[in-house]
1. For the chain, what is the calculated [θ] at 222 nm in deg cm²/dmol (nearest 500), taking -39500 (n - 2.57) for each run of four or more DSSP H residues and dividing by its residue count?
2. Please name which of ASN93, ILE68, GLN11 has its Cα lying farthest along the dipole of the chain towards the positive end, using unit charges on Cβ (Lys, Arg +1; Asp, Glu -1) and the Cα centre as origin.
3. Hey, with R₀ at 30 Å, roughly what FRET efficiency would ASP12 and GLU55 work out to, going by the Cβ-Cβ distance, to 0.05?
4. For the pair GLN76 and PHE109, what calculated FRET efficiency results from E = 1/(1 + (r/R0)^6), where r is the Cβ-Cβ distance and R0 = 35 Å, to the nearest 0.05?
5. Could you do me a favour and compute the accessible area per residue for the chain, 1.4 Å probe, result in Å²?
6. Say each of ILE33 and THR3 gets a label point 7 Å from the Cα, pointing the same way as Cα to Cβ; how far apart are those two points in nm?
7. Please give the charge dipole size of the chain, origin at the Cα centre, charges +1 on K and R Cβ atoms and -1 on D and E Cβ atoms. Round to the nearest 20 debye.
8. Can you tell me the 0 to 90 degree angle between the C-alpha axis of helix 14-27 and the longest principal axis of the chain, rounded to 10?
Amino acid sequence: MKTLLFENIDQDLIGPASSSLLAMITARKNIYIELCQQVMLQQQQADSQYSQRLEMAFNTLNNGIEEIFNEKEKEQPGSVQTKIYKFSYKDFNRFEKLFSSFLINVRGFLRTH
(Lines give C-alpha, C1' and ligand atoms only; values in the text may rest on other atoms or scores of the structure.)
Protein backbone atom coordinates (compact mmCIF):
# COMPACT_ATOMS: atom_id res chain seq x y z
CA MET A 1 0.00 0.00 0.00
CA LYS A 2 2.84 2.37 0.79
CA THR A 3 4.23 1.77 -2.70
CA LEU A 4 0.89 2.73 -4.22
CA LEU A 5 0.75 5.90 -2.16
CA PHE A 6 4.31 7.15 -2.33
CA GLU A 7 5.93 5.70 -5.46
CA ASN A 8 5.35 6.19 -9.14
CA ILE A 9 3.35 3.27 -10.46
CA ASP A 10 2.00 2.61 -13.92
CA GLN A 11 -1.73 3.40 -14.05
CA ASP A 12 -2.31 0.03 -15.74
CA LEU A 13 -1.23 -1.66 -12.51
CA ILE A 14 -3.79 0.08 -10.31
CA GLY A 15 -6.50 -2.46 -11.22
CA PRO A 16 -4.50 -5.58 -10.32
CA ALA A 17 -3.07 -3.85 -7.25
CA SER A 18 -6.52 -2.85 -6.03
CA SER A 19 -7.80 -6.42 -6.51
CA SER A 20 -4.90 -7.72 -4.44
CA LEU A 21 -5.50 -5.04 -1.81
CA LEU A 22 -9.19 -5.97 -1.54
CA ALA A 23 -8.23 -9.62 -1.02
CA MET A 24 -5.67 -8.60 1.64
CA ILE A 25 -8.22 -6.40 3.41
CA THR A 26 -10.69 -9.27 3.42
CA ALA A 27 -8.18 -11.74 4.82
CA ARG A 28 -6.19 -9.44 7.11
CA LYS A 29 -8.30 -6.43 7.94
CA ASN A 30 -6.31 -5.75 11.11
CA ILE A 31 -3.09 -5.38 9.09
CA TYR A 32 -4.83 -3.01 6.67
CA ILE A 33 -6.09 -0.88 9.57
CA GLU A 34 -2.58 -0.76 11.05
CA LEU A 35 -1.18 0.36 7.68
CA CYS A 36 -3.80 3.10 7.45
CA GLN A 37 -2.96 4.28 10.96
CA GLN A 38 0.79 4.27 10.23
CA VAL A 39 0.35 6.35 7.09
CA MET A 40 -1.93 8.83 8.91
CA LEU A 41 0.50 9.11 11.83
CA GLN A 42 3.47 9.67 9.50
CA GLN A 43 1.53 12.34 7.64
CA GLN A 44 0.46 14.03 10.86
CA GLN A 45 4.06 14.18 12.02
CA ALA A 46 5.30 15.43 8.65
CA ASP A 47 2.58 18.00 7.96
CA SER A 48 -0.53 18.26 10.06
CA GLN A 49 -2.08 20.54 7.43
CA TYR A 50 -2.95 17.54 5.28
CA SER A 51 -3.59 14.97 8.00
CA GLN A 52 -7.31 15.80 8.22
CA ARG A 53 -7.65 15.52 4.45
CA LEU A 54 -5.90 12.15 4.53
CA GLU A 55 -8.12 10.95 7.36
CA MET A 56 -11.24 11.97 5.43
CA ALA A 57 -9.96 10.17 2.32
CA PHE A 58 -9.32 6.99 4.32
CA ASN A 59 -12.78 7.27 5.90
CA THR A 60 -14.39 7.54 2.45
CA LEU A 61 -12.40 4.54 1.20
CA ASN A 62 -13.14 2.48 4.31
CA ASN A 63 -16.85 3.31 4.18
CA GLY A 64 -16.90 2.09 0.58
CA ILE A 65 -15.14 -1.11 1.61
CA GLU A 66 -17.68 -1.68 4.39
CA GLU A 67 -20.52 -1.20 1.89
CA ILE A 68 -19.02 -3.86 -0.36
CA PHE A 69 -18.59 -6.24 2.59
CA ASN A 70 -22.13 -5.59 3.83
CA GLU A 71 -23.53 -6.38 0.39
CA LYS A 72 -21.49 -9.59 0.27
CA GLU A 73 -22.83 -10.60 3.68
CA LYS A 74 -26.40 -10.11 2.45
CA GLU A 75 -25.73 -12.04 -0.76
CA GLN A 76 -23.71 -14.77 0.97
CA PRO A 77 -25.13 -15.24 4.49
CA GLY A 78 -22.73 -18.09 5.26
CA SER A 79 -19.78 -15.77 4.81
CA VAL A 80 -20.62 -13.62 7.84
CA GLN A 81 -18.66 -15.78 10.27
CA THR A 82 -15.80 -16.78 8.00
CA LYS A 83 -15.44 -13.39 6.25
CA ILE A 84 -14.62 -15.28 3.07
CA TYR A 85 -16.45 -13.65 0.22
CA LYS A 86 -16.86 -14.54 -3.43
CA PHE A 87 -16.19 -11.27 -5.18
CA SER A 88 -17.52 -10.66 -8.66
CA TYR A 89 -15.96 -8.58 -11.40
CA LYS A 90 -18.43 -5.85 -10.42
CA ASP A 91 -17.11 -5.86 -6.84
CA PHE A 92 -13.49 -5.62 -7.94
CA ASN A 93 -14.37 -2.89 -10.43
CA ARG A 94 -16.24 -0.95 -7.76
CA PHE A 95 -13.29 -1.21 -5.38
CA GLU A 96 -10.86 -0.20 -8.13
CA LYS A 97 -12.89 2.97 -8.70
CA LEU A 98 -12.97 3.68 -4.95
CA PHE A 99 -9.25 3.10 -4.61
CA SER A 100 -8.38 5.10 -7.72
CA SER A 101 -10.41 8.01 -6.40
CA PHE A 102 -8.61 7.70 -3.07
CA LEU A 103 -5.20 7.72 -4.77
CA ILE A 104 -6.07 10.74 -6.89
CA ASN A 105 -7.21 12.56 -3.76
CA VAL A 106 -4.12 11.90 -1.64
CA ARG A 107 -1.12 11.23 -3.86
CA GLY A 108 -0.42 14.85 -4.67
CA PHE A 109 0.14 16.01 -1.13
CA LEU A 110 1.65 12.76 0.14
CA ARG A 111 4.38 12.82 -2.48
CA THR A 112 5.40 16.38 -1.73
CA HIS A 113 6.58 15.42 1.76
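1. Working: 6 runs with 92 residues, N = 113.
Value at 222 nm, helices only, nearest 500: -27000 deg cm²/dmol.
2. ILE68
3. Numbers: r = 29 Å, r/R0 = 0.97.
That pair, ASP12 with GLU55, gives E of 0.55.
4. On the way: r = 38 Å, r/R0 = 1.08.
About 0.40, to the nearest 0.05.
5. Values: 7040 Å² over 113 residues.
Counting only protein heavy atoms, the per-residue value for the chain is 62 Å².
6. Label-label distance for ILE33 and THR3, simple model: 2.6 nm.
7. Magnitude of the dipole: close to 120 debye.
8. Roughly 60 degrees between the two axes.
The values are calculated or read from the model by the stated rules, or taken from the named source; none is laboratory data. The structure presented is a predicted model; accordingly, all values stated were derived computationally and were not measured. Note that each Cβ is placed from the backbone with ideal geometry, even for glycine, and that neighbours are counted across all protein chains shown. Surface accessibility is based on the protein's heavy atoms, side chains included, excluding ligands, DNA and RNA. Shrake-Rupley method; radii C 1.70, N 1.55, O 1.52, S 1.80 Å.
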